[in-house]
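J.: Shown below is the structure under consideration.
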Amino acid sequence: MQEKIRLNISGMSCASCSARIEKKLSRMEGINAVNVNLATNKAMVTYDSSQIQLEQITQAIDRLGFVASEESDENRAVGVLEDTGSKELYRLLIASIILSSPLVLSMVLMLLGINLTLLHNPYFQLILATPIQFIIGYRFYKNAFSALRGGGSNMDVLVALGTTAAYFFSLYNMSIGKTMDIYFETSALIITLILAGKYMEAISKERTTASIRALSGLQAQSARVIRDGIEMDIPIETVEVGDIIIIRPGEKIPVDGEVIEGWSSIDESMLTGESIPVEKQPGDMVTGATINKSGSLKFRASRVGGDTTLARIIKMVEEAQGTKAPIQKIADRVSGVFVPAIIGIALITFGLQYWYSGVLSTAVLSAVAVLVIACPCALGLATPTAIMVGTGVGAEKGIFIKGGEQLETACHIDTLVLDKTGTLTTGKPEVTDVKSCGSLREEEIILLAAVAEKYSEHPLGEAIYNQAVELKGEGEIPDATSFQALPGLGLTVEYDSKSILIGNRQLLKEYSIDFSQLEQQLVELENEAKTAMLVAVDGRAEGIIAVADSLRESALPAIKMLKQMGIDLYILTGDNQRTAYAIASQLGIDNVIAEVLPGDKAARVMELKNSGKRVAMVGDGINDAPALATADVGIAIGTGTDVAMETSGITLMSGDLRSIIIAIQLSCATMKHIKQNLFWAFIYNIIGVPFAALGLLSPVIAAGAMALSSVTVVSNSLRLRRFKATL
């Protein structure tokens, strides 16, 4: 049985740590996928519970020198909001600054030729440097020991080796009377600067989770429910499905549900990004965390706890922020061999410098500089921090991206396939024409069609049923005695000893029913972008019902911009050729794939992919789900079905098609920042390591550069928060 767990992992300090955990787990039988995120200190593991148990997974991580624990469902919504360790780092940093300041002052005064007996006393310097080295710097020794015990190495190994070498080399020189060759300030400053970098990194990482914090803060804390005829306020956690909830003007809706009484307008901007309130009346759905603006409402809770739309959004964003983009593989490959390679370079540097100069202190300091500057922290943060900020910015705009792969791929699409009904159109069609060609009157045709469509979930069927209700009344539409839906064709029912068919041309052909006398009218209606359905009773064609679905207001401007971006556009629909081409003509789309059965949509998308195109599919219905999954990127309209949203890689909550453009632009902006981050992560080492090996870089400057590299990468990712789409 496939299971997916989310683990909290403590003790990781750099990309080498996350790479070791991934490498270890991926080799274990029963584990199908593993993704370790250094930025959030979490791992996502997919495994077969019949082959391996959770305890075995956590034990394997523990043996590597880390501590792993499962994230509970109760804490999932606040998973990334846990303390990053910034408070502890702050305390250690302040203590380190206080103790190292006299050492820095003594170094400056020495350079100026000023001698103060106390500050330059080697024993005084030893007293200051020792607690920095072994108390404040204990974290580096602890993590380094854990890494080595687990058979690997990481940033802490480099820091521990470098600072220990400087400290004990100074202690040795002091013991033999060479007081001019002591470097306690070097080891102390290295630890201080690295702690400063780690602290700034922790603060910056907390800012990358701002979107999750904002989403979590939207949740109402209580709900006013009616139980046993009594109105009472209860904590949000105790609301149950079926509870009747009262909402007054200005209050926040606590959970998802269906309005049963009242009328109001709801501010859904937190969900869709659109500021205009949406009117709600009985039968409409309301969403938890949205705000009631005007009237009072009563609604029945349908989704509570972790099933609410807000909880699912938080989960989606959180999981997206824990994923990797394919480009991260570059950094992962480097991280796997980085630390051992740097240790080797440091040893070679020590040997060559000592051989060339004959001065032991020069060789030691050059080797220490190599060890300290070459920290792979920035490599591990380059991709995940950008993804965290990018997906967070998307969430604030009502665009929910499932992961790094979708975020990266969206930037490279060259073909966009759009479903028609509910995607390009509003999905709320209305009956426009009823034409009779037999013995039945138009009203009778609508009534019989409504009997057939009474329990249909298809938008066209609902339009016919609603039209009949307007004519006859809600309780006046009888039930059919039998019902059979024929995907892509229509449906057949039995009612009042009559056999009723309603559907397209192919349906009537299947039953050998002649409709030639209606063909001209069908063509005329279809040329007007209307969907025309044939109605047959007892083997005889009786008439046509035409339904029109208006285009989304955002469709035309969105299509124009997508064409300007050089993206090929296709309409993919089960509707007939003439209607599909009429819609395409209105929008300026040249490519139309019409009369496609629901089961064939995925095959058509695959054909486009096989032709070398990078395809994104946009849809909203259950019948779009296979095509959404087949596309390189599936984009679901959030106003559609849950199945479509679960299958897609990107969900547009507002239904505004211009959000597709925002998603693509956000994807490209995020990839730009990832590439910049990787550049900075690599360039620090490409330039710094040779300089350090040649003795041209002091260990203190090396430590500052190393700390700055991580801060640079995270700060560059945070610039994404200023992203603005061009529409």
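The values are calculated or read from the model by the stated rules, or taken from the named source; none is laboratory data. These numbers were taken from a predicted model, which means no experiment stands behind them. Note: ideal-geometry Cβ built from the backbone for every residue, glycine included; neighbour counts use all protein chains shown. Ligands, DNA and RNA are stripped out before the accessible areas are found, and what is left, the full protein with its side chains, is counted by its heavy atoms. Shrake-Rupley method; radii C 1.70, N 1.55, O 1.52, S 1.80 Å.
J.: I need the full set of residues from segment 350-360 which are of a type outside the set (A, V, I, L, M) and either buried (at least 24 other Cβ atoms within 10 Å of the Cβ) or more than 48 Å from the chain's Cα centre (by Cα) (or both), in order please.
T.: Gly351, Gln353, Tyr354, Trp355, Tyr356, Ser357, Gly358
Yes/no matrix, rows are residues, columns are (1) in contact with a strand residue (DSSP E or B) (Cβ under 7 Å, 6 or more places away or on another chain); (2) more than 30 Å from Ile661 (Cβ to Cβ); (3) open to solvent by less than 40 Å² (accessible area, probe 1.4 Å); (4) in contact (Cβ under 8 Å) with a residue 40 or more places away in the chain:
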site	(1), (2), (3), (4)
Phe515	yes, yes, yes, no
Leu518	yes, yes, yes, yes
Val535	yes, yes, yes, yes
Ala546	yes, yes, yes, yes
Leu572	yes, no, yes, yes
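J.: Kindly list the number of the only condition in (1) assigned to a loop (DSSP other than H, G, I, E, B); (2) closer than 17 Å to Gln577 by Cβ that fails for Gln520.
T.: (1)
J.: Scan segment 416-455 residue by residue and report those that are assigned to a loop (DSSP other than H, G, I, E, B) and more than 30 Å from Val633 (Cα to Cα).
T.: Passing the criteria: Cys437, Gly438, Ser439, Leu440, Arg441, Lys454, Tyr455.
J.: Related question: Looking only at residues in segment 19-41 that are over 25 Å from Tyr138 (Cα atoms) and assigned to a helix (DSSP H, G or I), which one is least open to solvent (accessible area, probe 1.4 Å)?
T.: Filtering segment 19-41 for residues that are over 25 Å from Tyr138 (Cα atoms) and assigned to a helix (DSSP H, G or I), the one least open to solvent (accessible area, probe 1.4 Å) comes out as Leu25.
J.: Across segment 42-75, what is the number of residues that are of a type outside the set (Gly, Ala, Ser), in a loop (DSSP other than H, G, I, E, B) and in contact with an Asp or Glu (Cβ under 7 Å, 6 or more places away or on another chain)?
T.: 2
J.: Among the numbered conditions (1) at pLDDT below 90; (2) within 39 Å of the chain's Cα centre (by Cα), tell me where Ile567 comes up short.
T.: Against the list (1) at pLDDT below 90; (2) within 39 Å of the chain's Cα centre (by Cα), Ile567 comes up short only on (1).
J.: Evaluate the following for Leu597: is it modelled with pLDDT under 85, surrounded by fewer than 17 Cβ atoms within 10 Å (Cβ to Cβ) and under 19 Å from Gly427 (Cα atoms)?
T.: Yes: the conditions hold for Leu597.
J.: Please find, among Phe145, Phe140, Phe184, Phe169, the residue that is of a type in the set (Phe, Trp, Tyr) and out of contact with any helix residue (DSSP H, G or I) (no Cβ under 6 Å at 6 or more places or on another chain).
T.: Phe145
J.: In addition: Looking at segment 107-120, can you tell me whether even one residue there is under 45 Å from the mean Cα position of the chain (by Cα) and open to solvent by 20 Å² or more (accessible area, probe 1.4 Å)?
T.: no
J.: Taking segment 253-265 as the search range and keeping residues that are under 26 Å from the mean Cα position of the chain (by Cα) and of a type in the set (A, V, I, L, M), which one is surrounded by the most Cβ atoms within 10 Å (Cβ to Cβ)?
T.: That would be Val255.
J.: Please go through segment 392-410 and pick out each residue that is under 20 Å from Ala629 (Cβ atoms) and either open to solvent by 10 Å² or more (accessible area, probe 1.4 Å) or not in a strand (DSSP E or B) (or both).
T.: Of everything in segment 392-410, those that are under 20 Å from Ala629 (Cβ atoms) and either open to solvent by 10 Å² or more (accessible area, probe 1.4 Å) or not in a strand (DSSP E or B) (or both) turn out to be Lys402, Gly403, Gly404, Glu405, Gln406, Leu407, Glu408, Thr409, Ala410.
J.: Another question, if that's okay. Which is in a strand (DSSP E or B) and over 25 Å from the mean Cα position of the chain (by Cα), of Ala369, Ala341, Ala301, Ala363?
T.: Sole residue among the options that is in a strand (DSSP E or B) and over 25 Å from the mean Cα position of the chain (by Cα): Ala301.
J.: Here's a follow-up. Report the residue count in segment 7-18 for those that are of a type outside the set (Ser, Thr, Tyr), open to solvent by 20 Å² or more (accessible area, probe 1.4 Å) and not in a loop (DSSP other than H, G, I, E, B).
T.: 1
J.: Can you go through Ser436, Ser499 and tell me which one is surrounded by fewer than 18 Cβ atoms within 10 Å (Cβ to Cβ), in contact (Cβ under 8 Å) with a residue 60 or more places away in the chain and within 15 Å of Glu542 (Cα to Cα)?
T.: Just a single option satisfies the conditions, and that option is Ser436.
J.: In addition: Would you point out which residue out of Ala144, Ala129 is open to solvent by less than 50 Å² (accessible area, probe 1.4 Å) and in contact (Cβ under 8 Å) with a residue 24 or more places away in the chain?
T.: Numbers: Ala144 fails: in contact (Cβ under 8 Å) with a residue 24 or more places away in the chain.
None of the other options fit; the residue is Ala129.
J.: Residues of segment 662-687 being open to solvent by less than 10 Å² (accessible area, probe 1.4 Å) and more than 17 Å from the chain's Cα centre (by Cα), which ones?
T.: Asn677, Ala681
J.: Collect the residues in segment 124-142 that are within 18 Å of Ala196 (Cβ to Cβ) and not hydrophobic (A, V, I, L, M, F, W, C), keeping them in residue-number order.
T.: Pro131, Gln133, Gly137, Tyr138, Arg139 - these are the residues of segment 124-142 that are within 18 Å of Ala196 (Cβ to Cβ) and not hydrophobic (A, V, I, L, M, F, W, C).
J.: Output the residue which, of all residues in segment 90-100 that are in contact with a helix residue (DSSP H, G or I) (Cβ under 9 Å, 6 or more places away or on another chain) and open to solvent by 50 Å² or more (accessible area, probe 1.4 Å), is farthest from Pro122 (Cα to Cα).
T.: In this case the residue turns out to be Tyr90.
J.: Which residue is nearest to Ala602 (Cα to Cα), if the candidates are limited to segment 419-433 and must be open to solvent by 50 Å² or more (accessible area, probe 1.4 Å) and over 35 Å from the mean Cα position of the chain (by Cα)?
T.: Only one residue tops the list, namely Glu430.
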